[in-house]
Amino acid sequence: MSENIRRVGRELKYKGAILDVYTDHMEFANGNTAEWDFIKHKGAAAVVPVMDDGRLIMVRQYRNALDRYTLEIPAGALDYAEEPGIACAGRELEEETGYRCDKLEWLINIRTTVAFCNEKIEVYVARDLIPSHQHLDEDEYIELETYTVEELKEKIYQGEIEDSKTIASILAYDAKYCR
């Protein structure tokens with residue numbers, strides 16, 4: 001870790017389907033100790049689906065933590081910690097939007113909450129979309145909407161889009177491909 005900080009123990013408090021919650025016991029060079037929360041996440045992937053006319057396909061879905069619907073790019077958890085992000089992104093693209101893509105291009109990696117969680121989201125761009133079929137999970141209800149990058153940036157700056165992976169991905173896509 002560091003010569004000033006070291007983990008001297010880790011205690012599992014909760015084991016979930018996509019994350020585990022731990023208490024880390026930390027020791028500092030000055031002799032002080034502390035307990036820090038740590039959330040271990042198996043990882044996720046997301047995709048920015050680009051239609052032939054340049055509009056982006058977005059998903060509107062209910063998020064229990066916020067108790068409301070949100071507008072996001074398609075994304076989902078890795079099936080297992082070592083699953084390649086590109087495989088997960090391709091699967092989520094088809095499951096959530098009903099489109100697939102023969103070639104995904106890496107855009108950015110996002111670490112969502114570095115203060116207490118190791119979650120990493122790999123984000124890809126999908127072009128030349130091929131119509132397929134949605135394969136939603138039993139507990140998934142998704143509405144598809146399309147927007148221009150400018151419309152989405154306006155939604156970000158008006159506070160309508162608050163999801164960090166979506167904000168970072170749209171702005172990265174804009175900076176890389178629309179300038």
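The values are calculated or read from the model by the stated rules, or taken from the named source; none is laboratory data. Computed from a prediction, not measured in an experiment: that's the story for all the values here. All Cβ positions, glycine included, derive from the backbone under ideal geometry; neighbour counts span all protein chains shown. The protein model used for the area step is the full one, side chains on, heavy atoms only, and it has no ligands, DNA or RNA in it. Shrake-Rupley method; radii C 1.70, N 1.55, O 1.52, S 1.80 Å.
Out of the residues in segment 145-154 that are under 16 Å from Val59 (Cβ atoms) and assigned to a helix (DSSP H, G or I), state the one that is least open to solvent (accessible area, probe 1.4 Å).
Leu152
Answer with yes or no whether Val125 is more than 23 Å from Tyr62 (Cα to Cα) and not in a strand (DSSP E or B).
Spelling it out, it is not the case that Val125 is more than 23 Å from Tyr62 (Cα to Cα) and not in a strand (DSSP E or B).
Of the numbered conditions (1) open to solvent by less than 70 Å² (accessible area, probe 1.4 Å); (2) within 24 Å of Glu140 (Cβ to Cβ), Gly54 fails exactly one; give the number of that condition.
Condition (2) is where Gly54 drops out.
If Lys103 satisfies all but one of (1) open to solvent by 80 Å² or more (accessible area, probe 1.4 Å); (2) within 21 Å of Lys176 (Cβ to Cβ); (3) within 15 Å of the chain's Cα centre (by Cα), what's the number of the condition it fails?
(3)
Answer with yes or no whether Ala75 is closer than 23 Å to Tyr173 by Cα and modelled with pLDDT of 95 or more.
Spelling it out, Ala75 is indeed closer than 23 Å to Tyr173 by Cα and modelled with pLDDT of 95 or more.
Based on what the data block shows, is Asp37 open to solvent by 80 Å² or more (accessible area, probe 1.4 Å), modelled with pLDDT of 95 or more and assigned to a loop (DSSP other than H, G, I, E, B)?
no
Starting from segment 121-134, take each residue that is closer than 7 Å to Ala46 by Cβ and list its partners that are in a strand (DSSP E or B) and open to solvent by 80 Å² or more (accessible area, probe 1.4 Å), counting only C-beta distances under 9 angstrom and pairs at least six apart or across chains.
Ile121/Arg111; Val123/Trp106
Any residue at all in segment 155-168 that's open to solvent by 60 Å² or more (accessible area, probe 1.4 Å), modelled with pLDDT of 95 or more and part of a strand (DSSP E or B)?
no
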